[in-house]
Structure formats: C-alpha cells, structure tokens
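What follows is a set of notes on a single structure, which appears directly below.
Each value in this text was obtained by applying a stated rule to the coordinates, not by laboratory testing. Just so you know, these numbers come straight off a predicted model, no measurement behind them. Backbone-built Cβ (ideal geometry, glycine too); neighbour counts: all protein chains shown.
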Amino acid sequence: MSKNISFMGVLFSLVLFLFIGLYFGQKSILPLGPDAYASCSVSMDQVLDSGKGDVYNFTGVTNFEEPAFYYLASYDVEENTITDPILKTVPKDLQDEQHDTVLQQESWSIFTTLIPVQNRQMVSQFNVFTDGYSNTLAAVDQTENDLSQWMLEVDVADLEDKDALIYTMVHEYAHLLTLNSSQVTPDADTYKDPLNPELQKEKAAACSTYFVGTGCTHPDSYMNAFYNRFWADISDEWQQVDALQYGAEDLVPYYNGLYAFYLKHKDRFVDDYAVTHPAEDIAESFTYFVFNPKPVGNSIRDQKLAFFYEYPELVQLREDILSGACSMK
Ligand SMILES: [Zn+2]
C-alpha cells in the first residue's frame, strides 16, 4: 500500500488529515441540531470533533516529514475472529507491541463493535502497524491476490485516542462500503499502476458510469449516484488541481490547489479533506452522516448528508454504528 501522500495514499488513508489535523489542533465545532440522534450524542460530538482539521491549510507549516512506518503482524479474518498472525520484521523497540496480542485483539474489536458482521464480509485480512502516536490511524486496501477482498490496517499506538480511532474506522469503513466489488468492478491494471493519469483516463473512457480509480462503478452504486449528483459540474475544475500531483517532486502546489478549491466551494464539502477525491468526499460525508443529526438545511453539504437517508440499509447501518460507538464510551 502506498504511503505517499499521493492519489492512492490519500485515497485510502488519512495521513495528512490526522497528522496535520491533530498536530496543529485546528478544529472547529459545528452546531448540532436539536434532534437527539443517539443516547450518547454528546460523546458522538467528541468523536466527530476528533476528526476535523484544516489538512490542506499549510499556513505556518515549514516542513512535513513522514514518520517511519512498520507492519507488526498480519492476521486472517474469519467473521468476528482474527487468526494465524504472521509477524513481520521490526526494530527491537517494537517487539513488545508486536507480541501484544491483547492490544491487537482490542484494536480489531473496535472495528467489529462498530460494524455489524454482515456489513464487513469483504474484509479478509487485518494488519497491525505503527508509525507512532497519531499520524496514520487506520487504512484499507484491496488484497493483492483477490481484489474483491480487503484488508483493514490499524495503528496500535493510537488506541488511547479512542474518539479519533472510531472516527477514522468509520471513514475507512465507508471506503469498504462504497468501493467493494458489489459496488465497483475492481480493475487489476489500475491496482498495479495507481499513479498513472493516462491509464486512469483510458479506463474512464471505457467505463459508461463514473470510474472511481479502483474500478468502474456499477450504475446503481452509491459512488456513481453521489458523483453524478454532486461532482459532475465541478469535475473538470477539480481535475486540473488533481493533475498537479502526478510526477511532482514537490506536492505543496497540489495541496495549495486543493485548499483553494475547497475555499471556493466550501458550501459543498463537510471539510477540506473531502476535496481530495470523490471517493474521499463520499467517505467523509458518510462519516458526518453517521455522527450528525439529519440535516435540515439545503446547502450541497447538507444534501450530501441527506443523500444517505435515501437508502434504508444505510439508515439501519448508521443506527448500528452509533450504538456500537456508544457502547465503547
Ligand atoms: Zn480515506
């Protein structure tokens, strides 16, 4: 899995999002509507707040270095259970964490508590990694030998920050929900060569619906509907910004471009990370849908949250996630 702050890296992890968001603490609090949406709604506000940050606002940032990243263990997933860990080679100072199976089980159980088993059948592997406290909290990626199966990856160093981890797990789950093979036909070529804009264009031209990067979306998929409704009119403008990352030594112009795009279209997005890619927008919007009351306004941002209420199975899933999150508070 790419750990660069680049298309696939940003698509499936929350590198910058969490690093800059938490490190610089640039958070704001949105007023919540009057309707109580769960018995522990106050706690849910904390979860929502933990994920916010001006991730592409580089004002005052002088250097950004990615921390060292190590895989500790890789498990097979069987429904609710993780088994047969394969231990990776790690530096001596990480060997305690590597053998701490209680901690690893605990991080897995946060995910299983949030997401009902019938909604996570695409997850066949669970990886434990660390890049130190904060930075990347969790990520998802397709498994190499079967692109219809996915791995969930969690940093065990971030268990103490439960709110942020819950937020991130729901965001990562939203990728599984919107990109799994019942929604998107996986594309082996772009999996092997994810940072090739020409290949992306070629694949998009051959796809009659929205091509999301990992594959052609199904006509009735969440992603295709979301894209057609909320992205079709700004896609050309966004693509000019997106193109700044390919082959670039210095990604700051790309991040600045994303931030400027966000400021221009602020009423459309739940936060600035959402402008990274339509797949990130639907994941962030889904996370806000889960932890916010039903919107009452008519901005495009509110329409994005209301979008998920059109699907009864997602309304049910929201209830399940909230009750799982509440049970951990
Ligand atoms: Zn993401």
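Plainly put, segment 91-145 has a radius of gyration that is 0.99 times its Kirkwood radius, both from alpha-carbon atoms, as the Rg/Rh ratio. Checked against a 24 Å cut-off, the cross-linked pairs K52/K294; K201/K264; K266/K304 give Cα-Cα distances beyond that limit for K201/K264. Of all aspartates and glutamates in the structure, those lying under 16 Å Cα to Cα from K192, and not within fewer than 8 positions of it along the same chain, are D141, E144, D146, E202. Of all beta bridges that DSSP places with both ends in the chain, some 80 percent have antiparallel geometry.
The GluC sites (Glu not before Pro) of segment 247-312 that DSSP puts in a loop, and whose beta carbon has at most 16 other beta carbons within 10 Å, are E249. Within the same chain, lysines fewer than 8 places from K329 are excluded, and of the rest, those with a Cα less than 16 Å from its Cα are K162. Along its principal axes, the chain has C-alpha extents of 51, 48, 43 angstrom, given from the largest down.
Distance between the pseudo-spin-label points of L199 and A306 (7 Å out from Cα toward the beta carbon): 4.0 nm. Given a Förster distance of 25 Å, report the FRET efficiency between N145 and T83 from their Cβ-Cβ distance, rounded to the nearest 0.05. Efficiency, from the Cβ-Cβ distance: 0.90. Do you know the relative contact order of the chain, to the nearest whole percent, from alpha carbon pairs under 8 angstrom that are 6+ apart? Once normalised by length, the contact order is 20 percent.
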